[in-house]
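Undergrad: After the structure tokens below, expect a handful of questions from me.
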Amino acid sequence: MRSKYESPLNSRYSSKEMSYLFSPDFKFKTWRKLWIALAETEKELGLNITDEQIAEMKKYQDDINYEVAEEREKIVRHDVMSHVYAFGMQAKSAMPIIHLGATSCYVGDNTDIIIMTEALKLIKKELVNVINELSKFAMEYKDMPTLGFTHFQPAQTTTVGKRASLWLQDLIMDLEDIDHQLSKAKLLGSKGTTGTQASFLELFDGDHEKVKKIDGMIAEKMGFKSCFAVSGQTYPRKLDYQILSLLSQIAQSAYKFSNDIRLLQHLKEVEEPFEKSQIGSSAMAYKRNPMRSERIGSLARYVISAAVNPAVTASTQWFERTLDDSANKRISVPEAFLATDAILSLYRNVVDGLVVYPKVIEQHLNNELPFMATENIMMDAVKKGGNRQELHEKIRVHSMDAGKVVKAEGKPNDLLERIAADPSFGLTIDELNSIMDAKNFVGRAPQQTEEFIENFVKPALEANKDLLSNDAEEIRV
């Protein structure tokens, strides 16, 4: 609808799969699954609930009469009771036992956990595919020397692939943390108004053993291993913070990558994909702006800031339950997931289409390589009888003069010519040029990259091979 605000996370950025997980339809269908799981559990533990009642509930599990629920909510001003009523209008025989003994948080909070868990699984899938694409790039360019930077000042030589392994390292850390979070996923269960299960103790005539079984049985039916052992009315709001912290970490990793790509594109060494008919600037037709990397950074900043919301919410809850969490988490949790989903889609798209310009990389490297090779030059000169201390001072002076020529006069680096002309070194220009192979200065960068991929990335990909896909999400804008 063009007359109403719509979140760009839905209209422009996130995937259909992620958007559906946070949709009303997925939420309300999950409510009904939870009500069925509760009724089945109560029947199995001895309450007077019939197979026919449960069968009728299952018949209408996915056939939600939204109009009835919406009209009822106008009267009672309570979303859960409106949907209990609507469900009961369809499954009429089950109307007396729907939501029996439960409080609103039974469907609300358990559903929130289920949605976040499924959304985290989708994030994991996207993350694994980014790792897969990036590992291919790292291996392809593991041997290509490039100028390394510290403080964005020329430092020692590294390789294009080794730099990519640094991006990969961040993502592998993120994947490990997602796996840990998923391994301990648990539902709230059905704890009642203040978490004491008093209503269920009443339903089961004081039989503690039966009540103790309720949570585990519901968890199993909903695909979880367990529930929180204790709670107030809600699950601990720290869970929201833990999960959004994971999303923040992924955003941080992607942000770092996108900044590096933007800097490399400025240097004209590496470029993000650019469509044939894409317009880089409305004014400057020649421009090729790193739009996708910039969008990664923009969305990542949002996700990082969104993780503050559940931290504040968790710390300000009162006793067994307050409701000042509800409006906040309805916004911060879904939007953090939608934005992270978009970030990973963009990340994969950029990696899949990265363009490397070896000649530019070589040119930049050659401009700085004579400075980086001075220690090797000095060692070779010492072998020919030179004095190490005297040569060190001479190289320092020659380097300063050559640097001045480059910076002040805009001329090529002539350090090698200066050294060749200095008889103290006893080296010809050909001998000096023979030292200038950039591969002599990359250290173990190629081996480090290969070993990291082999020992850490490949095992992670093998463990998640069922998540790998050749179909990348097409970015919309």
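No value in this document is a laboratory result; all are computed from the given coordinates. Just so it is clear, the model here is predicted, and its values are computed rather than measured. Cβ sites come from the backbone with ideal geometry, for glycine too, and all protein chains shown count toward neighbours.
Undergrad: Can you give the Rg/Rh ratio of region 311-393, where Rg is from the C-alpha atoms and Rh is the Kirkwood radius?
TA: Rg/Rh: 1.51.
Undergrad: How long are the three semi-axes of the equivalent ellipsoid of region 374-435, in whole Å, if each is the root of 5 times an eigenvalue of the C-alpha gyration tensor, listed from largest down?
TA: Output for region 374-435: semi-axes of 21, 13, 8 Å.
Undergrad: Now a separate question. Find how much the distance from Asp352 to Arg396 grows on full extension, using 0.36 nm per residue of separation minus their present alpha carbon separation; answer in nm with one decimal.
TA: Here the segment from Asp352 to Arg396 would lengthen by 11.5 nm.
Undergrad: Within region 187-252, report the trypsin sites (Lys or Arg not before Pro) that DSSP leaves as loop and that have at most 12 other Cβ atoms within 10 Å.
TA: Filter output for region 187-252: Lys225.
Undergrad: Cα-Cα over 32 Å: which of Lys210/Lys465; Lys212/Lys238; Lys27/Lys212; Lys4/Lys238; Lys268/Lys383?
TA: Lys210/Lys465; Lys4/Lys238; Lys268/Lys383, as the Cα separations exceed 32 Å there.
Undergrad: May I pose another question? To the nearest 20 debye, what is the magnitude of the charge dipole of region 374-435 about its Cα centre, counting +1 on the Cβ of each Lys and Arg and -1 on the Cβ of each Asp and Glu?
TA: Dipole of region 374-435, to the nearest 20 debye: 160 debye.
Undergrad: Can you list the HN-Hα couplings for region 31-42, worked out from phi with the Karplus curve (6.51, -1.76, 1.60; θ = phi - 60°), rounded to whole Hz and with x for Gly and Pro?
TA: With coefficients 6.51, -1.76 and 1.60, one gets 3, 5, 4, 5, 5, 5, 4, 5, 5, 4, 5, 5 Hz.
Undergrad: If I model a spin label at Asn367 and Glu17 as a point 7 Å from the Cα along the Cα→Cβ vector, what separation in nanometres do I get?
TA: Modelled inter-label distance: 4.3 nm.
Undergrad: Mind listing the long-range amide H neighbours of Thr159? Cut-off is under 5 Å, sequence gap 5 or more, other chains count too, H placed in the peptide plane at 1.01 Å from N.
TA: Hits under the 5 Å cutoff: Thr146.
Undergrad: Angle, helix 208-221 long axis vs. longest principal axis of the chain, Cα atoms, 0 to 90°, nearest 10?
TA: Value to nearest ten degrees: 50.
Undergrad: Quick check on the chain: helices-only [θ] at 222 nm, where DSSP H runs of length 4 and up contribute -39,500 (n - 2.57) each and the sum goes over total residues. Nearest 500, please.
TA: Result for the chain: -20000 deg cm²/dmol, rounded to the nearest 500.
Undergrad: Let me ask something additional. Would you mind working out the magnitude of the charge dipole of the chain relative to its Cα centre, with +1 at each Lys and Arg C-beta and -1 at each Asp and Glu C-beta, to the nearest 20 Debye?
TA: Charge dipole of the chain: 760 debye, to the nearest 20.
Undergrad: Which of the chymotrypsin sites (Phe, Trp or Tyr not before Pro) found in region 58-155 are loop residues per DSSP with 14 or fewer other Cβ atoms within 10 Å of their Cβ?
TA: Phe152
Undergrad: Please list the non-local residues whose amide H lies under 5 Å from the amide H of Phe149, H modeled 1.01 Å from N, same-chain partners needing a gap of 5 or more.
TA: Excluding prolines and chain starts, which carry no amide H, the hits are Ala155.
Undergrad: Under 5 Å between amide H atoms, partner at least 5 residues away or on a different chain: which partners does Leu187 have, H built in plane at 1.01 Å?
TA: Here the answer is Ser226, Cys227, Phe228, since their amide H atoms fall under 5 Å of that of Leu187.
Undergrad: Taking θ as phi - 60°, what are the ³J(HN,Hα) couplings along region 179-191 by the Karplus curve (6.51, -1.76, 1.60), each to the nearest whole Hz, with x for Gly and Pro?
TA: 4, 5, 5, 5, 5, 10, 5, 8, 7, 5, x, 10, 9
Undergrad: Stretched out fully, how many nm does the piece from Ser104 to Val230 gain, at 0.36 nm a residue minus the Cα gap?
TA: 43.6 nm
Undergrad: Under 19 Å from the 7 Å Cα→Cβ point of Met291, by amide nitrogen: which residues of region 1-43?
TA: 8-15
Undergrad: Right, something else. Work out, step by step, the length gained on full extension between Met173 and Met379: first 0.36 nm times the residue separation, then minus their alpha carbon distance; give nm to one decimal.
TA: 70.1 nm
Undergrad: List, in order, the whole-Hz ³J(HN,Hα) value for each residue of region 19-25 obtained from phi through the Karplus relation with A = 6.51, B = -1.76, C = 1.60 and θ = phi - 60°; use x for Gly and Pro.
TA: 4, 5, 4, 9, 7, x, 4
Undergrad: If you average 1/r over every pair of different alpha-carbon atoms in region 1-123 and take one over that average, what Kirkwood value in Å do you get?
TA: The Cα-based Kirkwood calculation yields 15.7 Å.
Undergrad: For helix 388-409, what angle does its Cα long axis make with the longest principal axis of the chain, in degrees from 0 to 90 and rounded to 10?
TA: With both axes taken from Cα atoms, the answer is about 70 degrees.
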